[in-house]
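Scroll down for the structure; my scribbles are underneath it.
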Number of protein chains: 4
Amino acid sequence: MALTVGVIGAGRIGKLHVDNLRLIPQVRVKSVSDVVINHLDSWAKEKQVEVLTSDYRDILNDPEIDAVFICSPTNTHATIIKEAAVAGKHIFCEKPVSFTVEETKEALEVVEKTQVKLQVGFNRRFDPNFRKIRELVQNGTIGEPHILRITSRDPEPPSIDYIKSSGGLFMDMMIHDFDMARYIMGSEVVEVSAYGAVLVDPAIGEAGDIDTAVVTLKFANGALGVIDNSRQAVYGYDQRLEVFGSKGAARADNNRPTNVEVSTAEHVLKDKPLYFFLERYTQAYIHEVAEFVKAILHNEPVICSGFDGLQAQRIAEAAKKSLETGVPVKLEEVNPAAAI
Amino acid sequence: MALTVGVIGAGRIGKLHVDNLRLIPQVRVKSVSDVVINHLDSWAKEKQVEVLTSDYRDILNDPEIDAVFICSPTNTHATIIKEAAVAGKHIFCEKPVSFTVEETKEALEVVEKTQVKLQVGFNRRFDPNFRKIRELVQNGTIGEPHILRITSRDPEPPSIDYIKSSGGLFMDMMIHDFDMARYIMGSEVVEVSAYGAVLVDPAIGEAGDIDTAVVTLKFANGALGVIDNSRQAVYGYDQRLEVFGSKGAARADNNRPTNVEVSTAEHVLKDKPLYFFLERYTQAYIHEVAEFVKAILHNEPVICSGFDGLQAQRIAEAAKKSLETGVPVKLEEVNPAAAI
Amino acid sequence: MALTVGVIGAGRIGKLHVDNLRLIPQVRVKSVSDVVINHLDSWAKEKQVEVLTSDYRDILNDPEIDAVFICSPTNTHATIIKEAAVAGKHIFCEKPVSFTVEETKEALEVVEKTQVKLQVGFNRRFDPNFRKIRELVQNGTIGEPHILRITSRDPEPPSIDYIKSSGGLFMDMMIHDFDMARYIMGSEVVEVSAYGAVLVDPAIGEAGDIDTAVVTLKFANGALGVIDNSRQAVYGYDQRLEVFGSKGAARADNNRPTNVEVSTAEHVLKDKPLYFFLERYTQAYIHEVAEFVKAILHNEPVICSGFDGLQAQRIAEAAKKSLETGVPVKLEEVNPAAAI
Amino acid sequence: MALTVGVIGAGRIGKLHVDNLRLIPQVRVKSVSDVVINHLDSWAKEKQVEVLTSDYRDILNDPEIDAVFICSPTNTHATIIKEAAVAGKHIFCEKPVSFTVEETKEALEVVEKTQVKLQVGFNRRFDPNFRKIRELVQNGTIGEPHILRITSRDPEPPSIDYIKSSGGLFMDMMIHDFDMARYIMGSEVVEVSAYGAVLVDPAIGEAGDIDTAVVTLKFANGALGVIDNSRQAVYGYDQRLEVFGSKGAARADNNRPTNVEVSTAEHVLKDKPLYFFLERYTQAYIHEVAEFVKAILHNEPVICSGFDGLQAQRIAEAAKKSLETGVPVKLEEVNPAAAI
């Protein structure tokens, strides 16, 4: 029982997946593609990657390849998903699946027909803190969930260039939290009300985006939720979550490099939260890839499906519309089976 | 330099104020009134209260009385404020000032004319945790405030009878948080968007109220805020607050009876939050009364004015309207001087 | 059912007891004595103290007085205890009872004969944190206790003059921890091994004392314990305790003015521990006095008896001897009944 | 720049080092030896180990091997160290180096002559929490260190068979803490006073060992320290450390699987400490091996030397003698250069 994998896109996240795949005994990372590859030789050698190509179709056409990781820019995701599905490859695709709900639906239709597995890269589902909170909701420890609170703040804003091509805060950043909201609550979002502001950097506003947002959610089960985002928390990557229910509440705090507490004549202090998302979610990225491999090898459902990717996009679009119109926006309830 | 005080209404909160006033050397609690007084004899004797009357006007007519505490039912507040002001008494009035903005404005007009001091009983302003956070905002430690988060959940719902006469969750319960929002941010609320639900007890819904709410706020300074309320947190009185800004963040957690941590084969556990609001805000109630006395004796501004009481009511009314209409509601900006 | 009290010694702690006694409805603080009283007039008036005298015997001779608080210098305690007992007054005596085991035993013999109640002022027994830990031991939550750890560090050293007359670190400071050890473990100390050093201030060494100590204990039940003391913790008054047993462990951390956590680009910080012992043990001092009054009015045993005071002194003497000789010192097991 | 490694002993810890060595790009784990190897075939294949032998001398005789990891039983360490040193191999040796100071000194003499590098496996030096505390001491943040407190409790006792061959609690378990004490304080231990007891399991006492111990230390710099050990903390692996000094204090708490806090009507609870030492010290084991490789490749001093191994043994022997004699035991001060 083994799995041969190709990775499309060898940027930061593609390389991370290679490292994490190599921790799994059953996996062989055979091929990597990127638009430019000449700088990747020694890296590929060290990682025992056998094929390095500038054309991802070389990977799709390789009959030895069982599964592909799509880590290329977002605007290529939908096309590659469709081609990979037709080629019979299982697919791990980074988030978001695309910039529009329509494009994602088209891709999912092909996946549906070809019956390959598709996992979308919402890595935070695999974080031990958040996973435990989901379990506490699922096993009834906190009773019926009533209120969800997510705080998600980046340590610093991306470049203005990135922001211009990112799809905006809701699609690029808060989409993680929209997915987390559905994952934790086990219920669909039926209404969204968005407040946004430009408080961090006027240049972000000039680029057509916001940098601060508070979004409230209504869920199908009647519960309420709120997400707040900022592009810049000077103290580090702030990733917290709390769910309150009829029998109790559960909350996850930030992770820190050490738990050392220092007391001096001036202060009592502890470590700031981990700053960099790859450090904060190290375990989540490892589990995410391992669970994908496991789902394929044991023919189990993936933990984050194409439908999950689609729903997060739907909520992001609704949030954007709410911000633009100044009023809450309702989402149509969809049947996962008939969704695509 | 001394102050003679009369207390109108000898329910739970009136009696508490008597105890706290008696801690202040300069204060003499001369008189207490209540509709029914025959059961209060031994209590009054123990507290060295000299006059016990069923007519609060006896207090207003007593030339020795410098200040009154209005702790009677909400529907009597505005009338008594006006009469007390005309009688030249300084006034401490429990929250809310009244059930309608109009009624409050009328009362404040009389206070304005008579130039007596009026402090409204938003006790949480005097809590050491929240006060420290206000200082951190005021002294610039966390920079420009961007996002405010308040969680405020009662340990158990009041009786349905109380709920029917309470003015509803926004006027009775979240009004504390509306006041806190203005106090912490040092900026007026300019827009409110409310989500509400009946998740705790259907009888609350049948009584015309909600028991769970998430309300988002826009402030005049551009910042955003969110408040969540529940009528029933089974683990105790949940009173937390967090403010996030350009230079950092500050958050207050719940207070607990002890800080003992117990580790067993099953659990690591600590105390639940203090359950009862009088226990949780013991210090706040003491400071509140002491600051009122100090403001009178030194002729300083009170920390929570009639205008503050009015603004909290305005926000509560806007929240109610937002809940009813399903869309955000803007608040007119008002000049404190011209407000009334 | 009421109690008339006289307070002997109106220094900081005597005045505190007056304030705390005045919180108890059944108590009348009739008299206060001190060697010098002319500066106490306005204080006594404010506190409604009726008799102010420079001779404590005026209190002992007053037939209205039911109980006395001995808050005079340590070298007067034993004498006044004996006289008060003979006068039939119940006695609250500040710690330590005396500077020598012999002197204390003599005083206790008189108390024993006259059958008045005697409570010794080990205030920390009444602290909510430590009291909860004692309960957890008593009710078996942590099983058989195996290891006790006490950390007790003052925020700053007393004056060298005070140190010279204090009886030394073991008798003046660690005596609190020796008492706490017996209280928590519910077992007598049978052996003591002391390490001491002068690390804070050489002048303390020149005055014949140490400023830093680590003392290990063996208990009659087989358990082990360790206490560490320092005369100067620059971050505040450090008062922690932990007990480890066959079924778990319990630990108490320091109390802080607020629980606010502040995150900035430089730090994540929280409040330092409360600095001043009267602030740290506010509740303990209130409970201590209330429990003494309750024990008299209901004829119940006191929570901290003369025997408890004697045993703490015995351990302190053993610790001193261990430090001097460089080897552990065994304590004779004593029967409380036959102890004196 | 690369390093070829052989691992002697393929038990739990030997296998762990293989995994961690394989994370380092410059390392090739060529050979593994164990007394019995037939069950290791598939494991060796998966880990790309090229040579599997039942005779460790095959590794020592292989000219390609640059360094060996000695993970065989303690009674073989000294012999293999000497042979490996003579063969010119750098050495990583698990703790303790041997069961007697004499044997260790003999081994270190050979290492000294042959000038190979020797690192002893005190893994906890590489834990991020403890490492940070060492830095805070070294960089003066907490001033001159005055008091060290180490708590180190295993989740459950080893088998009685293991205990019989372990060298006893001081040599097998507390030896980690003796090393940590020297590492944190940057000063040698000059006196030891040990208290021990059998409180967990009488069978441990029958096997000639103790299961509970409190040991106090005097350091050359005048500071004091205390270590407490238990063979059984029912709530998990309890690994804490605190150092107190003239300018402040620093403390490390336990690590937990998640930081989720759950509040219910009964409890507020959080995760128990990590239970298993390989989980608790995952990072430490990775860093330990990486630092050893780095020390060889860059010809730098190792972080935990043979002398460090020797000193920890000396303290363990002194503690044992103190327990047996009932009095403190002094250690001769030794010059590292002349130590062996």
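The values are calculated or read from the model by the stated rules, or taken from the named source; none is laboratory data. Every value quoted in this text rests on a predicted model; they were computed, and no experiment measured them. Note that we place each Cβ from the backbone using ideal geometry, even for glycine, and neighbour counts take in every protein chain shown. Protein only, heavy atoms only, side chains kept; ligands, DNA and RNA dropped before computing areas. Shrake-Rupley method; radii C 1.70, N 1.55, O 1.52, S 1.80 Å.
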**Prompt:** Mind checking the angle between helix C:101-114 and chain C's longest principal axis? C-alpha axes, 0 to 90 degrees, to the nearest 10.
**Reply:** 50
**Request:** Using a 10 Å cut-off on Cβ to Cβ distances, tally the other chain neighbours for every residue of A:205-216 and report the average as a whole number.
**Result:** 3
**Prompt:** To the nearest 0.05, how large is the calculated FRET efficiency for B:Leu278 and A:Arg256 if R₀ is 51 Å and r is the Cβ-Cβ distance?
**Reply:** 0.90
**Request:** Specify which residue in the list B:Leu60, B:Ile37, B:Gly14 is farthest towards the positive end of the charge dipole of the range B:3-116, using unit charges on the beta carbon of Lys, Arg (+1) and Asp, Glu (-1), about the Cα centre.
**Result:** B:Gly14
**Request:** Of the listed pairs B:Lys45/C:Lys45; C:Lys95/C:Lys247; C:Lys47/C:Lys320; C:Lys132/D:Lys270, which have alpha-carbon separations greater than 31 Å here?
**Result:** C:Lys95/C:Lys247; C:Lys47/C:Lys320
**Request:** Enumerate the calculated ³J(HN,Hα) couplings along the range D:49-55 in order (Karplus 6.51 cos²θ - 1.76 cosθ + 1.60, θ = phi - 60°), each rounded to whole Hz, writing x wherever the residue is Gly or Pro.
**Result:** 6, 8, 10, 10, 9, 8, 10
**Message:** Using a 1.4 Å probe and counting only protein heavy atoms, how much accessible surface gets buried when D and C come together, both sides summed, in Å² to the nearest 100?
**Reply:** 3400
**At 7 Å out from Cα toward Cβ: C:Val36 inter-copy label distances (nm, ascending)** = 5.7, 8.5, 8.6
**Request:** Would you mind checking the tilt of helix B:306-325 against the longest principal axis of the Cα atoms of chain B, expressed as 0 to 90 degrees and rounded to 10?
**Result:** 40
**Summed side-chain charge close to D:Lys218 - residues other than D:Lys218 whose Cβ falls under 13 Å, Lys, Arg +1, Asp, Glu -1** = -1
**Item:** Percent RCO, i.e. relative contact order, over the range B:133-265, from Cα pairs under 8 Å lying at least 6 residues apart
**Value:** 38
**Prompt:** Ratio of Rg to Rh for the protein assembly as shown, alpha carbon only, Kirkwood?
**Reply:** 1.00
**Request:** Every other copy gets compared here: list the nm distances from the A:Lys164 label point (7 Å along Cα to Cβ) to its counterparts, shortest first, one decimal.
**Result:** 6.4, 7.8, 8.0
**Fill in**
Taking only the alpha-carbon atoms of the range A:244-327, the convex hull volume per residue, in cubic angstrom, is 243
**Complete:** The ³J(HN,Hα) series, computed from each phi in the range A:5-16 with the Karplus coefficients 6.51, -1.76 and 1.60 at θ = phi - 60°, rounded to the nearest Hz and given as x for glycine or proline, is 10, x, 10, 9, x, 10, x, 3, 6, x, 5, 4
**Item:** Amide H contacts of A:Cys304 (H built 1.01 Å from N, under 5 Å, at least 5 apart or other chain)
**Value:** A:Val120
**Item:** Calculated on alpha-carbon atoms, Rg and Dmax of the range A:3-116 in Å
**Value:** 13.5, 40
**Complete:** Inter-part gap, Cα centre of the range B:274-288 to Cα centre of the range B:300-321, in whole angstrom, is 21
**Message:** If you fit an axis through the alpha-carbon atoms of helix D:128-138 and take the longest principal axis of the Cα set of chain D, what angle between them do you get, 0 to 90°, nearest 10?
**Reply:** 70
**Prompt:** When the helix-only estimate is applied to chain C (DSSP H runs of n ≥ 4, each -39,500 (n - 2.57), divided by the residue count), what is the mean residue ellipticity at 222 nm, nearest 500 deg cm²/dmol?
**Reply:** -11000 deg cm²/dmol
**Prompt:** Looking at B:Gln239, B:Tyr183, B:Ala194, which one has the Cα that reaches farthest to the positive end of the dipole of the range B:174-253 (charges on Cβ: Lys, Arg +1; Asp, Glu -1)?
**Reply:** B:Tyr183
**Prompt:** So, in Å, what gap is there between the alpha-carbon centers of the range A:14-63 and the range D:213-252?
**Reply:** 49
**Request:** Find which of B:Tyr275, B:Ser230, B:Pro257 sits farthest along the positive direction of the dipole of chain B, computed with +1 on the beta-carbon of Lys and Arg, -1 on that of Asp and Glu, about the Cα centre.
**Result:** B:Pro257
**Fill in**
Here, A:Val101 and D:Glu102, labelled 7 Å along Cα→Cβ, have an inter-label distance in nm of 8.4
**Fill in**
Long-range share for chain C, i.e. C-alpha pairs more than 34 Å apart as a percent of all pairs, stands at 26
**Message:** What's the magnitude of the charge dipole for chain D around its Cα centre, counting Lys and Arg as +1 and Asp and Glu as -1 at the beta-carbon? Answer in Debye, nearest 20.
**Reply:** 740
**Request:** With a 1.4 Å probe and every protein chain left in place, tell me how much accessible area A:Leu331 has, in Å² to the nearest 10.
**Result:** 30
**Request:** Would you mind telling me the share, in percent, of accessible area of the range D:165-238 contributed by carbon and sulfur at probe 1.4 angstrom?
**Result:** 46
**Prompt:** Among bridges DSSP assigns within the protein assembly as shown, what percent are antiparallel (round to 5)?
**Reply:** 60
**Prompt:** What is the minimum Cβ-to-axis distance for chain C, in whole Å, where the axis maps C onto A, and to which residue does it belong?
**Reply:** C:Leu269, 2
**Item:** Total charge dipole magnitude, the protein assembly as shown, about the Cα centre, Cβ charges on Lys, Arg, Asp, Glu only, Debye to nearest 20
**Value:** 0
**Asked** For the pair C:Lys113 and C:Glu332, what calculated FRET efficiency results from E = 1/(1 + (r/R0)^6), where r is the Cβ-Cβ distance and R0 = 22 Å, to the nearest 0.05?
**Response** 0.40
**Asked** So for C:Tyr162, D:Tyr195, what's the accessible-area order with a 1.4 Å probe, most first?
**Response** C:Tyr162, D:Tyr195
**Message:** I'd like the Karplus ³J(HN,Hα) series for the range B:294-300: coefficients 6.51, -1.76, 1.60, θ = phi - 60°, whole numbers in Hz, and an x wherever there's a Gly or Pro.
**Reply:** 4, 4, 6, 5, 9, 6, 10
**Asked** Hey, got the dipole for the range B:3-116? About the Cα centre, +1 on K and R Cβ, -1 on D and E Cβ, debye to the nearest 20?
**Response** 320
**Request:** On a C-alpha basis, how far is the centre of the range D:135-158 from the centre of the range C:153-212 in Å? Whole number, if you could?
**Result:** 22
